[in-house]
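The values are calculated or read from the model by the stated rules, or taken from the named source; none is laboratory data. Here the structure is a predicted model, which means the values were calculated and not measured. Cβ: placed from backbone, ideal geometry, glycine included. Neighbour counts: every protein chain shown.
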Protein chains: 2
Amino acid sequence: MTDVRIGPALVVPVDAPPFTGYVEVTGGAISHLGEAPTAAAAAETVGATGRIVVPGFVNTHCHTSQQLGRGLGDDVDLLTWLHERIWPYELALTEADAELSALVCAIEQIRNGTTLIADPGGRHVDGMARGIAAAGIRALLGRSSMDSGDGRPKGDRESTAEVLAAQDDLAARWHGNGRLRFSYTLRTIFNCSDDLITATVERARALGSVVQMHVAEIPEENAHTVATRGATTVRHLARLGALGPDLLAVHAVWLDDDEIELLASSGCPVSHNAASNYKILGSPRIADMLDAGVLVGLGTDGAPSNNRMSMIDEMWLAAIAQKGLRRDPTVLPAAAVLRMATLDGARALGMAGLVGSLALGKRADLVLLDPFTANFATAADPVSALVTALKSENVESVMCDGEWLMRDRRLTRIDEGAVLAEAAARAAAVRRRAGMT
Amino acid sequence: MTDVRIGPALVVPVDAPPFTGYVEVTGGAISHLGEAPTAAAAAETVGATGRIVVPGFVNTHCHTSQQLGRGLGDDVDLLTWLHERIWPYELALTEADAELSALVCAIEQIRNGTTLIADPGGRHVDGMARGIAAAGIRALLGRSSMDSGDGRPKGDRESTAEVLAAQDDLAARWHGNGRLRFSYTLRTIFNCSDDLITATVERARALGSVVQMHVAEIPEENAHTVATRGATTVRHLARLGALGPDLLAVHAVWLDDDEIELLASSGCPVSHNAASNYKILGSPRIADMLDAGVLVGLGTDGAPSNNRMSMIDEMWLAAIAQKGLRRDPTVLPAAAVLRMATLDGARALGMAGLVGSLALGKRADLVLLDPFTANFATAADPVSALVTALKSENVESVMCDGEWLMRDRRLTRIDEGAVLAEAAARAAAVRRRAGMT
């Protein structure tokens, strides 16, 4: 007995060649892939002629708690953005706000075909976890972790031991809870001691999870790390033994050749957040990283950094911008970018055994795309067009863990209109409390 | 008697402050703008609570005849793109193909809120004109004009006199025909003699229209112009007396400070095509041009150069990319980008007296946006979000010249499904005839 039979459709497994045929799902896992269906009866049959089936996108950096802050960071410099907008916003956020913020963020992820996010965390992780769980997507949770350094907002100061204990507590509660996993985090090296870095990496390894850390975001960060610890951030992390496949280096905008080589040789993955980078931080050398063999996933960052929280837009932007920066239209070809947005993202999060491609036995996280729109219907190569021409309106149905979260553009679990209305009102209330009106 | 009363909505006129109120349309023109409606009876009343009304976007560079070639230019270098993809495609295109190509391009423009395009032209202008006219949008037509130079495809070689006569003929037929106007064009300086340039500018001025010309696309173009005429393209055009408000410099990617100053001082407008530029040509200095006082509009270019033919995506990309290039998040602020995509675009095409903003007496080209989606509903500032967060799914209804071309996401004139199906089949047939399968 098959639970769901989808096809015939153009199936793009990502780790195998595209084919026209069927995907079958049983017990939440992919039970069959092939040009012909199995002979088993199916509880649900999804006729998908002309549709495209892809793995759910993997968003390797998604601040769900910032979703109610969309627009707070428009057209301002980085310090204004952080000190006058993001920190006041975060401090004004209640646990209930964080839950709603995560829920409405997850809705946007679903509408853009994303089924797995890595959330680097805010202050109310339990709320965030509940919001994400309500939407049904898969997530690697985190807690924003800082134990030192100047500039931390009042009310957000903890010792190294407190930071670690709070994370241990969250790991016990959420790691392996439904579709959620826990990831230890380090906010930035400005606000993390060497003791915290070392202990965090140890704990993540013991848990079998990864560490999320913002790395080399601005030139001033490297200057600070050189001044306080004698080397740039990436070099210092390497000396601490922190660089490796279980540390996700988020952003990695300001790197020299040797630092790129350090990432490559240590197997340390990068989360590239194109829109957020160009908007606020600078232009990372992603094409050079790929040439050097660095594993790169894609991410949206948070709503005030990237007002479009869409992996589909990130694919388009990442490819186009790197072509321009290198003045070489052949870098970041579509197949590589699609892989970055799916399988490589899952590898970067240590979850490629579970999801990231359409493969027998993996969990059934997949997206049905309707290419029959003015932006896509005439495309010469539908697989290439997944990166170059796809838009969120092509996302028709989304499945996570074998469960439909969206069918024919309707969310199955959520009264979307009611949630959006409440979120708009709550976002305005948070802005008022934070003094940003 | 008012024909259409829209409101109450958030009205963003672009050349005046946003307000909550009404837009009224009579005889195809904007007859009232205000917080309260007029007392006149209205033939049609559009309740628009919570909606946003903006001027229709102005796409200053839109190759409608390339629409069936979407995807032909993915991930290849410029010479492969031009010689092995675009020219064979264009030569394989029949007049009927060009008409369908223009129609399906116009559909995508409508779905993205664009009501005026400047089409730099292909080989079958009559077909293109019929396709655009069928969709109902406003357009500045052109004919791809070349009288000299190497590399022109066979079947596309004409003398200077032939090129001019063909354009005179088209101007007589289409300039002022319904919502269409005619614009003399020059493809690039590689393929245009000085005689053609001078005569073209003269004729455009006599017609009261503008010239569209691709300018400074690649460094090799400047090198070629220096070698053959003794100065870079912009300098040479200035010497010929061709630079001015009636020449639209398309792309303008490779300019030095003096050339930017020449554009500014002559009043020569630029059409910035962000996606196409970064994908194929390089990174133009748009922030520097704006600082120098150059008038800049936005454009999509053609489907093989920018697989998303959307002014909404161009706004987002233009702003983000220039912030990254200058490493300054304050350049290209949202209000300026919105103006580039509307009023400044209309000024660049010499049509700001007619359209480009919501102003009393201008033709009623406008868009109703539904912001009640996950990507927009929580935005702190809805006007800023028009650039930073807007997506095509927010485009609900589109009016051109007082006529609804789309109402509640349904095209009023066109059986969209039938057109898309035919276009997909026809695009495949063109690729086969051009030997690109």
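Mind counting the residues in the stretch B:32-61 that are among the aliphatic types (A, V, I, L, M) and within 26 Å of residue B:377 (Cβ to Cβ)? Steps first, please.
Pass one, the stretch B:32-61, residues among the aliphatic types (A, V, I, L, M): B:33, B:36, B:39-43, B:46, B:48, B:52-54, B:58.
Going one step further and asking which of them are within 26 Å of residue B:377 (Cβ to Cβ), we end up with B:33, B:46, B:48, B:52-54.
The number of residues fulfilling the criteria is 6.
Have a look at A:356, A:297 and point out the one that is touching a strand residue (DSSP E or B) at 6+ places or on another chain (Cβ under 8 Å) and in a strand (DSSP E or B). Before you say what the answer is, go through the steps one by one.
Numbers: A:356 fails: in a strand (DSSP E or B).
Being touching a strand residue (DSSP E or B) at 6+ places or on another chain (Cβ under 8 Å) and in a strand (DSSP E or B) holds for just one of A:356, A:297, which is A:297.
If you go through the stretch B:414-437, how many residues are part of a loop (DSSP other than H, G, I, E, B) and loosely packed, with under 15 Cβ neighbours inside 10 Å? Number of matching residues: 3. Candidates in the stretch A:278-287 are the residues that are free of Cβ contacts under 8 Å to residues at least 60 places away in the same chain and among the hydrophobic types (A, V, I, L, M, F, W, C); of these, the one that is surrounded by the most Cβ atoms within 10 Å (Cβ to Cβ) is A:286. Only residues that are closer than 23 Å to residue A:249 by Cβ and among the hydrophobic types (A, V, I, L, M, F, W, C) were counted in the stretch A:88-131, giving 6. Looking across the stretch B:8-41, the residues that are closer than 24 Å to residue B:179 by Cα and in contact with a helix residue (DSSP H, G or I) (Cβ under 8 Å, 6 or more places away or on another chain) come down to B:12, B:14, B:15. Condition first: assigned by TED's automatic domain parsing to the domain that holds residue A:251, surrounded by fewer than 23 Cβ atoms within 10 Å (Cβ to Cβ) and more than 20 Å from residue A:63 (Cα to Cα). Can you find one or more residues in the stretch A:128-148 that meet it? Checked the stretch A:128-148: at least one residue is assigned by TED's automatic domain parsing to the domain that holds residue A:251, surrounded by fewer than 23 Cβ atoms within 10 Å (Cβ to Cβ) and more than 20 Å from residue A:63 (Cα to Cα).
If you scan the stretch A:256-313, which residues turn out to be at positive phi and in contact with a Ser or Thr (Cβ under 8 Å, 6 or more places away or on another chain)? Before you say what the answer is, go through the steps one by one.
Here is the first cut: in the stretch A:256-313, the residues at positive phi are A:267, A:282, A:293, A:301.
The one that is at positive phi and in contact with a Ser or Thr (Cβ under 8 Å, 6 or more places away or on another chain): A:301.
What about residue A:196, is it under 15 Å from residue A:212 (Cα atoms), buried (at least 17 other Cβ atoms within 10 Å of the Cβ) and more than 23 Å from the chain's Cα centre (by Cα)? When the stated conditions are applied, residue A:196 passes them.
For the stretch A:300-315, which positions are touching a strand residue (DSSP E or B) at 6+ places or on another chain (Cβ under 9 Å) and not hydrophobic (A, V, I, L, M, F, W, C)? Walk me through how you get there before you give the answer.
As a first pass, look at the stretch A:300-315 and keep what is touching a strand residue (DSSP E or B) at 6+ places or on another chain (Cβ under 9 Å): A:300-301, A:309-312, A:314-315.
If the condition is that a residue be touching a strand residue (DSSP E or B) at 6+ places or on another chain (Cβ under 9 Å) and not hydrophobic (A, V, I, L, M, F, W, C), then A:300, A:301, A:310, A:314 are the ones that fit.
From the list B:352, B:380, B:275, the lone residue that is more than 30 Å from residue A:435 (Cβ to Cβ), surrounded by 24 or more Cβ atoms within 10 Å (Cβ to Cβ) and not charged (D, E, K, R) is B:275. For residue B:217, are the conditions met, namely being among the charged types (D, E, K, R) and either touching a strand residue (DSSP E or B) at 6+ places or on another chain (Cβ under 6 Å) or farther than 27 Å from residue B:81 by Cβ (or both)? Considered against the rule, which asks whether it is among the charged types (D, E, K, R) and either touching a strand residue (DSSP E or B) at 6+ places or on another chain (Cβ under 6 Å) or farther than 27 Å from residue B:81 by Cβ (or both), residue B:217 comes out as yes.
Restricting to the stretch B:20-33, and then to whatever is under 29 Å from residue B:139 (Cα atoms) and of a type outside the set (Val, Ile, Thr), can you tell me which residue is surrounded by the fewest Cβ atoms within 10 Å (Cβ to Cβ)? Give the derivation first.
Step one: of the stretch B:20-33, the residues under 29 Å from residue B:139 (Cα atoms) are B:22-33.
Subset that is of a type outside the set (Val, Ile, Thr): B:22, B:24, B:27-29, B:31-33.
Numbers: B:22: 23, B:24: 23, B:27: 12, B:28: 17, B:29: 17, B:31: 21, B:32: 18, B:33: 18.
Among residues in the stretch B:20-33 that are under 29 Å from residue B:139 (Cα atoms) and of a type outside the set (Val, Ile, Thr), the one surrounded by the fewest Cβ atoms within 10 Å (Cβ to Cβ) is B:27.
Are any of the residues in the stretch A:53-76 in the same structural domain as residue A:302 (by TED's automatic domain parsing) and surrounded by fewer than 18 Cβ atoms within 10 Å (Cβ to Cβ)? Yes: one or more hits.
Only a single item in (1) among the polar types (S, T, N, Q); (2) farther than 30 Å from residue B:181 by Cα; (3) without any contact (Cβ under 8 Å) to a residue 40 or more places away in the chain is not met by residue B:306, and it is number (2).
Just one residue in the set B:43, B:118 is within 21 Å of residue B:342 (Cβ to Cβ) and among the small types (Gly, Ala, Ser); that residue is B:118. Listed conditions (1) more than 8 Å from every other protein chain (Cβ to nearest Cβ); (2) over 24 Å from residue B:322 (Cβ atoms) are all met by residue A:68, apart from (1).
When the residues of the stretch A:413-428 are filtered to those that are free of Cβ contacts under 8 Å to residues at least 40 places away in the same chain and more than 10 Å from chain B (Cβ to nearest Cβ), the one that is farthest from residue A:109 (Cα to Cα) is A:418. Taking the listed residues B:11, B:76, the one that is in contact with a strand residue (DSSP E or B) (Cβ under 7 Å, 6 or more places away or on another chain) and either in contact (Cβ under 8 Å) with a residue 24 or more places away in the chain or within 14 Å of another protein chain (Cβ to nearest Cβ) (or both) is B:11, with no other qualifying. Residue check: residue A:325 meets all listed conditions (1) farther than 28 Å from residue A:204 by Cβ; (2) away from every other protein chain (no Cβ under 11 Å); (3) part of a helix (DSSP H, G or I) but one, namely (2). Of all residues in the stretch A:263-272, those satisfying the criterion of being over 13 Å from residue A:322 (Cα atoms) and buried (at least 21 other Cβ atoms within 10 Å of the Cβ) are A:263, A:268, A:269, A:270, A:271. If you go through the stretch B:250-275 and keep only what is within 14 Å of chain A (Cβ to nearest Cβ) and closer than 19 Å to residue B:348 by Cα, you end up with B:251, B:253, B:272, B:273, B:274. Taking the listed residues A:390, A:368, A:405, the one that is within 14 Å of chain B (Cβ to nearest Cβ), modelled with pLDDT of 95 or more and part of a strand (DSSP E or B) is A:405, with no other qualifying.
If you go through the stretch B:287-320 and keep only what is more than 12 Å from chain A (Cβ to nearest Cβ) and over 25 Å from residue B:65 (Cα atoms), you end up with B:287, B:288, B:289, B:290, B:291, B:292, B:293, B:294, B:295. Each residue in the stretch A:188-212 was checked for being without any contact (Cβ under 8 Å) to a residue 60 or more places away in the chain and under 16 Å from residue A:61 (Cβ atoms), and 2 pass.
Kindly indicate which of B:285, B:235 is more than 19 Å from the chain's Cα centre (by Cα), closer than 30 Å to residue A:389 by Cβ and not hydrophobic (A, V, I, L, M, F, W, C). I'd like the intermediate steps shown before the answer.
Values: B:235 fails: closer than 30 Å to residue A:389 by Cβ.
Of the residues listed, the single one that is more than 19 Å from the chain's Cα centre (by Cα), closer than 30 Å to residue A:389 by Cβ and not hydrophobic (A, V, I, L, M, F, W, C) is B:285.
Taking the criterion of being assigned to a loop (DSSP other than H, G, I, E, B), in contact with a Leu (Cβ under 6 Å, 6 or more places away or on another chain) and under 18 Å from residue B:382 (Cβ atoms), the only residue of the stretch B:328-353 that qualifies is B:341.
Scanning the stretch B:160-187 for residues that are of a type in the set (Val, Ile, Thr) and free of Cβ contacts under 8 Å to residues at least 40 places away in the same chain, we see that the one that is surrounded by the most Cβ atoms within 10 Å (Cβ to Cβ) is B:163.
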